[in-house]
Amino acid sequence: MKDHKKEYLPANAGFTLLEIIVVVFILSLLVAIVAPKIIGRTDDAKIADAKIQIRNFETALKLYKLDSGNYPTTEQGLDALINKPTTGQIPANYKEGGYLEQKKIPLDPWGNPYIYVSPGLHGDFDIISYGGDGKEGGTGKDADIVNWDIH
């Protein structure tokens, strides 16, 4: 039979209060430097996502026009890309399954619907996301994202 001896740590084992304070200070400093950079990137990512989605709508709308000869009207909206319109000009050659893979019209990254106008003021159609504030106009992260001005 083995003899099980209890081992005890010396009384001075562990961290001193000063060491803990230094570690907490260093971690706080890192958070203060890194957090603003990460938080700022969230808005950039949402703006990029909205631009990509608007480009996807444009591609789907062009395919819709190739099949039907015209773009959906404002009344038909972007929904015409996933459901064959039942009002206005009804396309004779509507693609089975629609023109978007998701089979639904996504909201913009801020949870608001995209605005679709056809004919548009800036082209055959206008697609708009009102940005972070969800209101027309704005600057910076709240600026509108529009299909006629995507770089």
As a check on your grasp of the helix formula, calculate [θ] at 222 nm for the chain: sum -39500 (n - 2.57) over DSSP H runs of n ≥ 4, divide by the residue count, round to the nearest 500. -13000 deg cm²/dmol
Counting Lys and Arg as +1 and Asp and Glu as -1 over every other residue whose Cβ sits under 14 Å from the Cβ of Lys135, the net charge comes to -4
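Going by average Cβ density within 10 Å per residue, which order do the peptides 83-94, 47-58 take, highest to lowest?
47-58, 83-94
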Surrounding net charge for Val146, when Lys and Arg each add one and Asp and Glu each subtract one, Cβ distance under 13 Å: -4
Just to confirm the number: angle between the C-alpha axis of helix 17-68 and the first principal axis of the chain, 0 to 90 degrees, nearest 10? 20 degrees
Using a Förster distance of 35 Å, the FRET efficiency for Leu30-Gln89 (Cβ separation, nearest 0.05): 0.05
In Hz, Karplus ³J(HN,Hα) per residue of the stretch 136-148 (6.51, -1.76, 1.60; θ = phi - 60°; x = Gly, Pro): 4, x, x, 10, x, 5, 9, 5, 5, 10, 10, 5, 7
Which links in Lys62/Lys103; Lys62/Lys135; Lys65/Lys103; Lys104/Lys135; Lys65/Lys95 stretch past 21 Å when you go from one Cα to the other? Lys62/Lys135; Lys104/Lys135
If N is the number of residues in the stretch 22-149, what value comes out of its Cα radius of gyration divided by 2.2 N^0.38 Å? 1.39
For the stretch 22-149, averaging the sequence separation of alpha carbon pairs under 8 Å that lie six or more residues apart and dividing by its residue count, the contact order in percent is 21 percent
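We did not get these values from a lab; they are worked out from the coordinates using the rules stated. Here the structure is a predicted model, which is why all the values come from computation and not from measurement. For neighbour counting, all protein chains shown are included, and Cβ atoms are generated from backbone atoms with ideal geometry for every residue, glycine included.
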